[in-house]
Amino acid sequence: MTRIVTVQRTTKETTISCTLNLDGTGDVSVSTGVGFFDHMLTAFAYHGMFDLALTCEGDLHIDEHHTIEDSALVLGQAVADALGDRAGIVRYGDAAVPMDEASATALIDVGGRPYSVINIPLRGLRLGMMSTQMVPHALEAFARTAGATLHITAQGENDHHITEAAFKALGRALRAAVAADPRRRGIPSTKGTT
């Protein structure tokens, strides 16, 4: 089964192209114009062992909101498209990642039910060009279009470390959830559908 997809999205605010291989080697190329967000998406894909090529040209003359939100929406859609009917996968994944004084735990269910609970307390207002308000918003947007239930909890003293641990944990949890389950026949749901 090939799980490589390309998703493109063009609005009056952003133009995005995303190619994702769920069964990759962590080969990542991200360019959104928001350096810290690029760093987080790179950490997510590298530690999830996904091949990811994502570019976004957004209305950064306004602010970073549309660029980050729309990129997260497109990435989530790419995950959903790559999973198809979600048959034969593990479905659930979890990971805990430390980064110096910070740590994060991610729990994910890619069974098709979009929901998110994000508990990432950040102290500052910005991480480079990225508002700290956009950290939970990006994760919520990703979960919505991925059709994933996502719970992320993080703690620490340094906002950079806290956020990076969260994105790395998400990558590792998603890697576990989308893995093929050799014992599973069909969709991993007692309902028989997503």
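The values are calculated or read from the model by the stated rules, or taken from the named source; none is laboratory data. Since this is a predicted model, take the numbers as computed values, not measurements. Neighbour counts are summed over all protein chains in view; Cβ atoms, including those assigned to glycine, are modelled from backbone coordinates with ideal geometry.
Looking at the range 67-80, can you tell me whether even one residue there is surrounded by fewer than 19 Cβ atoms within 10 Å (Cβ to Cβ) and either farther than 23 Å from Asn119 by Cβ or in contact with a Lys or Arg (Cβ under 8 Å, 6 or more places away or on another chain) (or both)? Explain how you work it out, then say what you get.
Step one: of the range 67-80, the residues surrounded by fewer than 19 Cβ atoms within 10 Å (Cβ to Cβ) are none.
Scanning the range 67-80, I find no residue that is surrounded by fewer than 19 Cβ atoms within 10 Å (Cβ to Cβ) and either farther than 23 Å from Asn119 by Cβ or in contact with a Lys or Arg (Cβ under 8 Å, 6 or more places away or on another chain) (or both), so the answer is no.
From the list Ile162, Ile89, Ile118, the lone residue that is over 22 Å from Ser31 (Cβ atoms), aliphatic (A, V, I, L, M) and touching a His at 6+ places or on another chain (Cβ under 9 Å) is Ile118.
Just one of the listed residues (Asp63, Asp27) is more than 20 Å from Ala177 (Cβ to Cβ), over 17 Å from the mean Cα position of the chain (by Cα), surrounded by fewer than 22 Cβ atoms within 10 Å (Cβ to Cβ) and at pLDDT 95 or above, and it is Asp63.
Yes/no matrix, rows are residues, columns are (1) closer than 22 Å to Phe37 by Cβ; (2) among the charged types (D, E, K, R); (3) under 12 Å from the mean Cα position of the chain (by Cα); (4) crowded, with 18+ Cβ neighbours inside 10 Å:
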{"site": "Val90", "(1), (2), (3), (4)": "no, no, no, no"}
{"site": "Gly93", "(1), (2), (3), (4)": "no, no, no, yes"}
{"site": "Met99", "(1), (2), (3), (4)": "yes, no, no, yes"}
{"site": "Ala141", "(1), (2), (3), (4)": "yes, no, yes, yes"}
{"site": "Phe167", "(1), (2), (3), (4)": "yes, no, yes, yes"}
{"site": "Ile187", "(1), (2), (3), (4)": "no, no, no, yes"}
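Cβ-Cβ distances below 7 Å connect the following pairs, each with a first residue in the range 30-49 that is modelled with pLDDT of 95 or more, a second residue that is of a type in the set (Phe, Trp, Tyr) and buried (at least 24 other Cβ atoms within 10 Å of the Cβ), and a separation of six or more residues or different chains: Met40/Phe167; Ala43/Phe167; Phe44/Phe167. Checking the range 144-153 against the condition returns a match, with at least one residue being modelled with pLDDT of 95 or more and on the phi > 0 side of the Ramachandran plot.
Return the residues of the range 1-29 that are basic (Lys, Arg) and in contact (Cβ under 8 Å) with a residue 60 or more places away in the chain; say none if nothing qualifies.
If the condition is that a residue be basic (Lys, Arg) and in contact (Cβ under 8 Å) with a residue 60 or more places away in the chain, then Arg3, Arg9 are the ones that fit.
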